[in-house]
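Heads up, the thing below is written out as structure tokens.
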Amino acid sequence: MRLTREAGVNPADPFPDLFADAPCGYAVLSAPDGTLTHVNAEFERLVGRPVSDLLGTATLASLLTVGGRILLETHLLPMLEHDRAIREVALDVLRPDGSRIPVLLNANTSSDDPTLRVVLFEARERHRYEHDLLAAKRAAELAREAATALAQTLQRTLIPPAPPRIPHLDVAAAYRPAGDGSVVGGDFYDVFQVGPDAWWIVLGDVSGKGVSAAAVTSFVRYTTRALALDHPDPSELLQHLDRALHAHGTDHYCTAVVTTLTRQDDTWSVRLALAGHPPALLRDAAGRVRELGVPGTPVGLVDAARFTTVTHLLRDETITLYTDGVTEARGHDGLYGETRLQSLLEQCSHRPHAITDRITDEVLRYQHGVASDDIAVVTFAARPA
Amino acid sequence: MGHVELLNATVDGPPEAPAIVFVHGFGCGQHMWRHVAPAFESDHRVVLLDLPGSGDAHPSTYDSARHARLEGYRDDLVALLHELDLGPVALVGHSVSAMIAVLVQIAHPELVDRLVLVTPSARYLDDPPYVGGFTASDIDDLLELMSRNHLGWQDPLATLVAGDPTSAAHDELEQAFCRTRPEIAAEFAAVTFRGDNRADLPKVSAPTVVLQAADDSVAPPSAATFVRDAIPGAGLEVIDTRGHCPQLTAPAETIAAIRRSLGAPHP
């Protein structure tokens, strides 16, 4: 029956309208056949059917869309049977005119009385919000995928896929992005030729991350290439690069190690200057490691920039350039540090590829496989004729 | 880890007794059989399991690519039966697992000597003159509805019954019943409702009984009779209950019907 105020009048019951006039759709279903035995006015209104069409014949499933019916049969009723209650389930009521009313459904039953009590709340606004939320979530996922693809594409343009093959010189370079590679870092390296027997090897780190850092990294890279043609001395090149970066107007600055290699009498003359960057590591064939380079100021950071070129005649040593992603890698024992790096280098076999690979592998292992910052490493050595 | 552990499988009942394996359908897990399976433990070895991605099956068992076809589930079930080595079993499959059971029997007739298909459908989508009961847009509607409910699907429903969200009981419930990772549930729904196994049915070579609910809004009578007619010699029994899960709504009748079907003569 449909409970009305009149039908429910009872002196012992101070709230005779509790069911009939409840501000939510309320229905009672008989067990075990699941047909409606009581509905209130709001339920009638929500489902858009008169009480005469509902009682004793309609089931909950028959009032829902097909998707809701399947969800009810395969999930909700088994859960109700098991847990005795379900709450906040989003469903659509299907009215006889074909329109859909989004509702939230709560229902309960008890072990001694299998009668099912169901309440429905109209949820048009919430549904709109959910819809927007799902659309926003999908859009955000797509945007994140696009941004990651963009970052990785951009990063590839800053890092040569493999250093060029240079007669009489072995060069091994490696780059590992921070985290999952979804953010562009500022690390870069470049290896390029300026004369028949003259090459530059540059490795640097632009401060900050993201697209603006990547734009500055790109600027630093092509400016270095352009300057290298007219300024054969590394410290002189850094002076010009410093001025160019100041003139650029960016807040990003750059640390770098820049090296020229000139072929001389069956070996290479190396000239090297540092700009706020860790010194290069020189390893001899006996495994002894020492630093190469005189500290300088970062490029584009201070007014009185200062750079010094050092010269070294490369014989059977290897020279390793690296960014601070190596020494500032964080593990259980704190930062990886220069001491660990030097002793690792001492234990390496005396070949550029072995050294570069060993350093990147060890530093990644130290951080359990996830780099907290970009890692760039370049090692080179004269190749015996 | 073996398949017994991976699929959270259990075997109860007297050694040497004939074996009966209950496989749950889309939604929930082996608990769907809790009112029915114990009734067979006196004279059968009763096997219960959770399908990959459902119930308490190990998360590593589910593979989106492999389980995009029912054959993926079939292969898991075959591996489990090989590992259990119970001899030929009676295989009871509910809903989509009725078709998984059919595929197991066809691929390995030596493992299955009897099929009981509870509320089966070989194809849920209409394909005139075949009546499956659903259109493609109905299934889209289901997937959309599931994604809406996944906004808060995992947690609030469990909190309701278990109280304190940090309690052990809560963890147990959240894992236990009808809760599947949203992306897996959506994929399982898609493979269930978009599949078509009608061509497989004539290849079944074991005695088969179809148990149909009198008023089932998921698998209509036309689906059950199609399965009965397509499987050589299959029988059909109607259980007088409403809904898609007679093992929950009419456990005693379901037990009796399964018992009768176990004794059914070979066609």
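Taken one residue at a time, the phi angles of the stretch B:28-40 give Karplus couplings (6.51, -1.76, 1.60, θ = phi - 60°) of 6, x, 4, 4, 4, 9, 5, 8, 10, 4, x, 5, 9 Hz. Gly and Pro are set to x.
Annotation: the antiparallel percentage among DSSP beta bridges lying fully within the protein assembly as shown is about 75. Taking a Cβ cut-off of under 15 Å around A:Arg138, the surrounding Lys, Arg, Asp and Glu residues balance to a net charge of -3, with basic ones at +1 and acidic ones at -1. Looking at chain B alone, DSSP beta bridges between its own residues are antiparallel in about 15 percent of cases. Using R0 = 41 Å, the C-beta based FRET efficiency linking B:Ser137 and A:Asp230 works out to 0.05. Could you tell me which of rounded, prolate or oblate describes the stretch A:257-385, using a ≥ b ≥ c as the square roots of the eigenvalues of the alpha-carbon gyration tensor, with rounded for a/c under 1.5 and, failing that, prolate when a/b is larger than b/c and oblate otherwise? Judged from the Cα gyration tensor, the stretch A:257-385 comes out oblate (a/c at least 1.5, b/c at or above a/b). Phi angles across the stretch A:289-302 convert, under the Karplus curve 6.51 cos²θ - 1.76 cosθ + 1.60 with θ = phi - 60°, into 3J(HN,Hα) values of 10, 9, 7, 10, x, 10, x, x, 7, x, 7, x, 10, 10 Hz, Gly and Pro given as x. From its DSSP helices (H runs of at least four residues, each -39,500 (n - 2.57)), chain A gives a residue-normalised ellipticity at 222 nm of -10500 deg cm²/dmol. Got a sec? How would A:Met79, B:Met1, B:Met32, B:Met99 order by Cβ neighbour count within 10 Å, fewest to most? With the sparsest Cβ surroundings first, the list reads B:Met1, A:Met79, B:Met99, B:Met32. If you average 1/r over every pair of different alpha-carbon atoms in the stretch A:231-328 and take one over that average, what Kirkwood value in Å do you get? Mean inverse Cα-Cα distance, inverted, gives 14.2 Å. Each residue, B:Ala190 and A:His353, gets one label point 7 Å from its Cα in the Cβ direction; the gap between the two is 4.3 nm.
Placing a pseudo-label 7 Å from each Cα along the Cα-to-Cβ vector at A:Ser212 and A:Glu291 gives an inter-label distance of 3.2 nm. Between B:Tyr130 and B:Val11, full extension at 0.36 nm per residue minus the direct alpha carbon distance yields a gain of 38.9 nm.
The distance between label points at A:Ser372 and A:Asp113 comes to 6.2 nm (points 7 Å beyond Cα on the Cα→Cβ vector). The stretch A:129-164 and the stretch A:261-277 have their alpha-carbon centroids 39 Å apart.
Computed from the coordinates by the stated procedures, all read-outs in this text should not be read as laboratory data. Being a predicted model, the structure only gives us computed values, none of them experimental. Note that each Cβ is placed from the backbone with ideal geometry, even for glycine, and that neighbours are counted across all protein chains shown.
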